[in-house]
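Take a look at the structure set out below.
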Amino acid sequence: MTILGSLLIPISAEAIIGLIVFVILLFFSALISGSEIAFFSLGPAHINELNHNTGKKDEMVLSLIKIPKRLLATILITNNFINVSIVILATYLITELFNLIDFPILAFLIQAVVITALILIIGEIMPKILATQKPIKFAHIMAVPLRILINVFYPMSTLLINSTSFIDKRISGKGHQISRSELSEAIEITTDDDNIGLDERKILQGIVRFGDIGVKEIMKSRTDLIAVDQSINFDELLNIILESGYSRIPVYKDSLDYIVGVLYIKDLLSHLKKEKNFHWQELIRSAFFIPENKKINDLLKEFQEKKVHLAIVVDEYGGTSGIVTLEDVLEEIIGDISDEFDAAEDEVLFTKIDDKNYIFEGKTTLIDFCKIIGEDENIFDNVKGDSDSLAGLILEILGKIPLVEENVQFKNFNFIVKDVDKRRIKKIKITIEN
């Protein structure tokens, strides 16, 4: 008690005023720190909400968001002024309230540790947590004060912005990189915008997903591949071409795992009247091979650079997995590109019974399945493993080849196997439950 009494100094009127000012400054520091998080954590959903409101504060918040550098510079300048003022005032109050001349270590602990802890907890951490939870409400509170502070500190903020512009260009270079999730969220917000049609929205969503899709997910598998053996005669070749209707056909030697090239049907036009012993193999062009894990955005660039429209997809052992075309890649952005041959193929791939029941071919890719039923393409990511088709999905879930009429339940999807042989699932009935 004697030691404590020797440390305390009678409180003067100046000390009381100083304490009041200290608390006010700490409160202002909390508001300024919270406003930084509040304004710069406003995402597309928050901005959309502000756009739909008609209040003056909403308009002011939107106007401040449009000048992020000016806003951030003003917040930093103001926060530093307040925090420096708190430290200076705290030093004055300590000398007014305590006699610490003989206790330099205790004086240091109070000035450095206690005051720093107060600034961090009350002036930084607590308001930032609150601002993260309620960013719009916090932004409404601080919109008017920040507009005033921008005008007050305009010369200083201008100096700060100009002095950091060189560093900003060096570091950021290409500017702010928007994540795919942010861009996808922004596109979803446009659902309520009557000026953007459904087709345009689908194209935008296709662009967002474009870099995440692998070749294996969209390729035509080797079981459905139309290819010709290089040993067949010209008449047999023409019959296969007429039946398939394709403009490019892979050519193999002995087995599909040994593709020797691609035959362009247009190269045959000037030779249609040749005899069946015509050596058509001389018209074979070199094939373009790609791995299964290549992303389709990279493949599109290679298609453009190499000026080819078809690629042979190979697995890790060099065997042929399937083929992918330029049309397959573009369809992931702009949707199906249908011709008379595609129309016939679509009728085989699935049959719509009603809005909740479908019958699909087992070979249907998961991407096509999700597009047809209007479901998120990532819904099966946790269970599909390496599979890319409906049949593969069921095999991954069951771990075996199912029996006819065997039932598989996943979330709100009920899969019933309708046709199966010893090697693969052919037809599946899907019921989409509420």
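In segment 121-161, which residue that is polar (S, T, N, Q) and over 16 Å from N80 (Cβ atoms) is modelled with the highest pLDDT? Steps first, answer last, please.
To start, the set of residues in segment 121-161 that are polar (S, T, N, Q) comprises 132-133, 151, 157-158.
Filter again for over 16 Å from N80 (Cβ atoms), leaving 132-133, 151, 158.
On the way: T132: 87, Q133: 87, N151: 91, T158: 86.
Among residues in segment 121-161 that are polar (S, T, N, Q) and over 16 Å from N80 (Cβ atoms), the one modelled with the highest pLDDT is N151.
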Original post:
Is segment 137-152 home to any residue that is more than 15 Å from A30 (Cβ to Cβ), in contact with a His (Cβ under 8 Å, 6 or more places away or on another chain) and touching a residue at least 40 places away in the same chain (Cβ under 8 Å)?
Top reply: no
**OP:** Look at I86 and say whether it is assigned to a helix (DSSP H, G or I), farther than 27 Å from T158 by Cα and among the aliphatic types (A, V, I, L, M).
**Re:** no
Original post:
Taking segment 295-310 on its own, how many of its residues are under 21 Å from V251 (Cβ atoms) and in contact (Cβ under 8 Å) with a residue 40 or more places away in the chain?
Top reply: 2
Original post:
Looking only at segment 419-434, which residues are farther than 28 Å from N293 by Cα and either surrounded by 17 or more Cβ atoms within 10 Å (Cβ to Cβ) or within 33 Å of the chain's Cα centre (by Cα) (or both)?
Top reply: V420, K429, I430, T431, I432, E433, N434
Subject >> Failed condition for N378, given (1) within 19 Å of V215 (Cα to Cα); (2) of a type in the set (S, T, N, Q); (3) in contact with a strand residue (DSSP E or B) (Cβ under 6 Å, 6 or more places away or on another chain) >> reply: (3)
**OP:** Check L100, L118 and return the single one that is among the aliphatic types (A, V, I, L, M), modelled with pLDDT under 90 and outside any helix (DSSP H, G or I).
**Re:** L100
**OP:** Would you be able to tell me the number of residues in segment 247-280 that are without any contact (Cβ under 8 Å) to a residue 40 or more places away in the chain and assigned to a loop (DSSP other than H, G, I, E, B)?
**Re:** 5
**OP:** Kindly provide the set of residues from segment 382-418 that are farther than 28 Å from D212 by Cα and surrounded by fewer than 14 Cβ atoms within 10 Å (Cβ to Cβ), ordered by number.
**Re:** K400, L403, V404, E405, N407
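The values are calculated or read from the model by the stated rules, or taken from the named source; none is laboratory data. Since we're looking at a predicted model, the values are computed, not measured. All Cβ positions, even for glycine, are placed from backbone atoms using ideal geometry, and neighbour counts span all protein chains on display.
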